[in-house]
Amino acid sequence: MQLVLALVLTAFSLFLALRGVNFAEVSQALRQVNGYWLLISVGLILVSLVIRAERWRVLLKRQISFRDAFGLINIGYLVNGVLPARAGDAARGVAGSLRGPVTMLAALSTVVVERVLDMLVIVLILVATLPFVPGLRQYLATGSIGGGIPLNLVVAASGLLSLGIVAGLVVMAAFPAKVEAIAQRVLAKLPVAHPERLLRPVQHILEGLSALGSVRAGIEILLWTLALWATTGLYFWTVMHACGGFIAEVNLLKSLVAMWSSAFGMVFPATGGIGSFHFAVREALFWGFALPRELGFTYAVLSHAIAYLLGIAFGAGALLSWGISLRDVMRHGSGATDQESEGEAEPQPQPIPNS
């Protein structure tokens, strides 16, 4: 069923991305790509992966090594590349509990923090660039999803929701004892046997958020997040330079618009963002800068393919070096989920072996 869902969602997003595209023009544009700039783009993707690994280590209070963090993040990208609905985020959290003294729910809570912080930064970049792109501003003001929900409302809601969640997580991290006490009182009123067992997942989540309760760690997380998106912006800029043979007036503004539009495209639960990424970037560059859709699509293909293929390659490499399969990770994760939800004093699952 999961495979069918993945195929349906991916097929739909690909239909949107490919609709009306002249493939002869795409082929001609690809022949004009500058390989030198693509190599620089590959280097920037590597830098962004290093930054993501370090940021995650700070969130986990450095309970896992950099090598493990780097491998686990790319395992997440590998899973995202073959399953829909960003299943790789959950897989990374599950696998993270097998490489260090951190519980699965604690690892998953740090992944949530990452995603919320990233969305907040993306919305801020969108707000900062939109005044300089009249065509795109008009498109967002008049466009809608499914003919009903205005696009500008979606953007505003995303920003407010991200800000609210960040604030809530920080409060939870700053006052864990109070949060645990409130949860204990609520659980005690539920008509269930042994409600104290249900408190254990709450404790694991608070454990994962504990880094946010430190001012020093919070500043470090913020700096890593800013460094990540600065590097990502440069990545989109260098890919655009690689496309300079068919994209006129390459500049940072176009690159930033492509970056935040791609992030919104990745929200759609297609496998690896295939189709949804390309459609979002193509439409943003068309409405914002009158770039023909074929050329915008070609640029989207390149910017997506580099990150997509590298993530899958590094993820597969991590699995091979540890001598495990994705099935092993999910089997361990399933067992950990059952044990943590029951709140039993279980032994830790067998760690993934070190190479």
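The values are calculated or read from the model by the stated rules, or taken from the named source; none is laboratory data. Since the structure is predicted, the reported quantities are computational estimates derived from the model, not experimental observations. So basically every Cβ, Gly included, is an ideal-geometry build from the backbone, and we count neighbours across all protein chains shown.
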Residue under question is Phe286, and the condition is that it be touching a helix residue (DSSP H, G or I) at 6+ places or on another chain (Cβ under 7 Å), in a helix (DSSP H, G or I), without any contact (Cβ under 8 Å) to a residue 24 or more places away in the chain and within 25 Å of Leu140 (Cβ to Cβ); does it hold?
yes
One residue from Val33, Val8 being surrounded by fewer than 19 Cβ atoms within 10 Å (Cβ to Cβ), at pLDDT 90 or above, among the β-branched types (Val, Ile, Thr) and farther than 25 Å from Val116 by Cβ:
Val33
Out of the residues in region 59-80 meeting the condition of being buried (at least 20 other Cβ atoms within 10 Å of the Cβ) and touching a Ser or Thr at 6+ places or on another chain (Cβ under 9 Å), tell me which one is nearest to Ala263 (Cα to Cα).
Asn80
Residue in region 20-43 that is outside any helix (DSSP H, G or I), over 17 Å from Ala307 (Cβ atoms) and among the aliphatic types (A, V, I, L, M) present
yes
Any chance region 228-240 includes a residue that's over 30 Å from Glu25 (Cβ atoms), under 25 Å from the mean Cα position of the chain (by Cα), modelled with pLDDT of 90 or more and polar (S, T, N, Q)?
yes
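Kindly provide the set of residues from region 61-108 that are closer than 15 Å to Thr271 by Cα, part of a helix (DSSP H, G or I) and small (Gly, Ala, Ser), ordered by number. Break it down into steps so the answer makes sense when it comes.
We begin by selecting, within region 61-108, every residue closer than 15 Å to Thr271 by Cα; these are 75-91.
Still in the running and part of a helix (DSSP H, G or I): 75-82, 87-91.
Once the filter is applied, which keeps residues that are closer than 15 Å to Thr271 by Cα, part of a helix (DSSP H, G or I) and small (Gly, Ala, Ser), region 61-108 yields Gly76, Gly81, Ala87, Gly88, Ala90, Ala91.
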Is it fair to say Arg86 is surrounded by fewer than 24 Cβ atoms within 10 Å (Cβ to Cβ) and over 24 Å from His304 (Cα atoms)?
no
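Does Thr271 qualify as being at pLDDT 95 or above and among the β-branched types (Val, Ile, Thr)? So that I can check it myself, show each step before the final result.
Details: at pLDDT 95 or above: no; among the β-branched types (Val, Ile, Thr): yes.
Spelling it out, it is not the case that Thr271 is at pLDDT 95 or above and among the β-branched types (Val, Ile, Thr).
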Of the residues Leu98, Leu124, which single one is more than 12 Å from the chain's Cα centre (by Cα) and either surrounded by fewer than 24 Cβ atoms within 10 Å (Cβ to Cβ) or not hydrophobic (A, V, I, L, M, F, W, C) (or both)?
Leu124
Failed condition for Thr110, given (1) under 25 Å from Phe286 (Cα atoms); (2) surrounded by 15 or more Cβ atoms within 10 Å (Cβ to Cβ); (3) out of contact with any strand residue (DSSP E or B) (no Cβ under 8 Å at 6 or more places or on another chain), with all others met?
(1)
From the list Arg115, Arg137, Arg200, pick out the single residue that is in a helix (DSSP H, G or I), of a type in the set (Lys, Arg) and within 21 Å of the chain's Cα centre (by Cα).
Arg115
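This table checks each residue for (1) buried (at least 18 other Cβ atoms within 10 Å of the Cβ); (2) among the β-branched types (Val, Ile, Thr); (3) at pLDDT 85 or above; (4) under 26 Å from Leu49 (Cβ atoms).
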site	(1), (2), (3), (4)
Arg137	no, no, no, no
Leu163	no, no, no, no
Glu180	no, no, yes, no
Arg197	no, no, no, no
Leu212	yes, no, yes, yes
Ala242	yes, no, yes, yes
With respect to Val47, is the statement that it is within 26 Å of Leu234 (Cα to Cα) and either touching a helix residue (DSSP H, G or I) at 6+ places or on another chain (Cβ under 8 Å) or surrounded by 21 or more Cβ atoms within 10 Å (Cβ to Cβ) (or both) true?
yes
So which residues in region 272-282 are assigned to a helix (DSSP H, G or I) and either in contact (Cβ under 8 Å) with a residue 24 or more places away in the chain or on the phi > 0 side of the Ramachandran plot (or both)?
Gly272, Gly273, Ser276, Phe277, His278, Phe279, Arg282
